[in-house]
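J.: This is the structure, below, for whatever I ask next.
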Amino acid sequence: MGLTFVLSFTTLLAKYDFSGKLVGTLVGWAGHLGDLDFNPRDGRLYGSLEYKKDRAFYIAVIDVGRIDRVGIDVAQSEIFRTVYLPEVVKDYAADLDGNGVFDGDVAKTPDHRYGCSGIDGVAFGPEFGRTDGPRFLTVAYGIYAHTARTDNDHQVLLQYDITDWARHARPLTEAAPHHSGPAEAHGKYFVRTGNTTFGVQNLAYDEGLQRWFMGVYKGTKPAFPNYLMFAVDARTPVTRGDLVGVPGPGGQGTEQGQLLTLAADGLKDAATGIRGWNQKSDVGLQPIGHGLFYLAVNSGTKGSQSGDLTLYRWTGDAAKPFVPATTADLGK
């Protein structure tokens, strides 16, 4: 069939060829299907899928090669399987104020550990601190933009070894959400970016640059620079240290965790030392090698959304990290 690209429109998955022809669509779920990444090792597409009301957060595992017509219903097909993530549920449903009440999908509450609102960004890449070795599925938390909290200023990234996930995968049954999934993540990591609006929307690993990119919606806390994109270099060692602003057990001291360091380029905020770029990358960010990336920009209104993809070249410039690719770039 040749090269294709796939777009998530929350409750619709659309597959196109590179001439712009619609190859097929996948429909039939009510949850929020977010960021996607392709795993060349098994030929499946992996995406974040949220059911906040049910406290159910999944990775959707999609046999994208079988999407060959418009209107395929997941309930009538074996294309779509899901794996439950209990680690995310534990943090999302955390009763931090101890009143015995689950507050649900509400930002203005002291509950939800680390401000966890669920999940969105997903990408395959090496274990943090390395560029070689096995590839892990990395899943980023959504984070509520609660400006009165200090414990929601990190991005939270889980890494999973998916080699045995076939035993966890189940069909999606919305009437009775299943709880089949790995008991714990391979690793849990934190990178302090300042608070964002719903965390990492797009997560991507570039094999050539050996760098993780995080596209976010702009944060609202005035104490932070509120950049739109952040990066972590894969080879930078992971350290263990304080999670600034996160109280320790029993409210004593500061919680500790596995810390990632932001890449040492881009814009730098003098007050916080936080680095990043004012680059829109919240809708789609996909590296394809040789310093080239597809970035997506959204348009339209609810029910009639569209996405425009443009091929860019990475410059590394603090003010303008991407420029449109040229014919010369394609010949590299």
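J.: Given the conditions (1) within 22 Å of the chain's Cα centre (by Cα); (2) more than 14 Å from Leu157 (Cβ to Cβ), which single one is not true for Arg240?
T.: All conditions are met except number (1).
Rundown of residues vs (1) closer than 30 Å to Gly245 by Cβ; (2) in contact (Cβ under 8 Å) with a residue 40 or more places away in the chain; (3) acidic (Asp, Glu), yes/no style:
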| position | (1), (2), (3) |
| --- | --- |
| Leu267 | yes, yes, no |
| Ala270 | yes, no, no |
| Gly273 | yes, no, no |
| Trp277 | yes, yes, no |
| Gly291 | no, yes, no |
| Ala296 | no, yes, no |
| Ser304 | no, no, no |
| Leu309 | no, yes, no |
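J.: Report, by residue number, each residue of the range 5-37 that is surrounded by fewer than 21 Cβ atoms within 10 Å (Cβ to Cβ), among the polar types (S, T, N, Q) and on the phi < 0 side of the Ramachandran plot.
T.: Selection gives Thr11, Ser19, Thr25.
J.: Hey, another quick one. Of all the strands (runs of 3 or more DSSP E) wholly in the range 119-193, which have at least 1 residues that are touching a residue at least 60 places away in the same chain (Cβ under 8 Å), closer than 30 Å to Gln76 by Cα and of a type outside the set (Ser, Thr, Tyr)?
T.: Details: elements: 135-143, 154-160, 187-192.
Correct list: 135-143.
J.: Yes or no: Asp105 under 20 Å from the mean Cα position of the chain (by Cα), in a loop (DSSP other than H, G, I, E, B), over 26 Å from Gly125 (Cα atoms) and modelled with pLDDT of 95 or more? Step through it out loud before you land on a result.
T.: Values: under 20 Å from the mean Cα position of the chain (by Cα): yes; in a loop (DSSP other than H, G, I, E, B): yes; over 26 Å from Gly125 (Cα atoms): yes; modelled with pLDDT of 95 or more: yes.
So Asp105 passes the test.
J.: Of the conditions (1) closer than 14 Å to Val88 by Cβ; (2) in a strand (DSSP E or B), Ala204 fails just one. Which one is it?
T.: (1)
J.: Which count do you get for residues in the range 100-114 that are out of contact with any Phe, Trp or Tyr (no Cβ under 9 Å at 6 or more places or on another chain), loosely packed, with under 14 Cβ neighbours inside 10 Å and free of Cβ contacts under 8 Å to residues at least 12 places away in the same chain?
T.: 2
The values are calculated or read from the model by the stated rules, or taken from the named source; none is laboratory data. What you are looking at is a predicted structure, and each value in this text was computed from that prediction instead of being measured. Note that each Cβ is placed from the backbone with ideal geometry, even for glycine, and that neighbours are counted across all protein chains shown.
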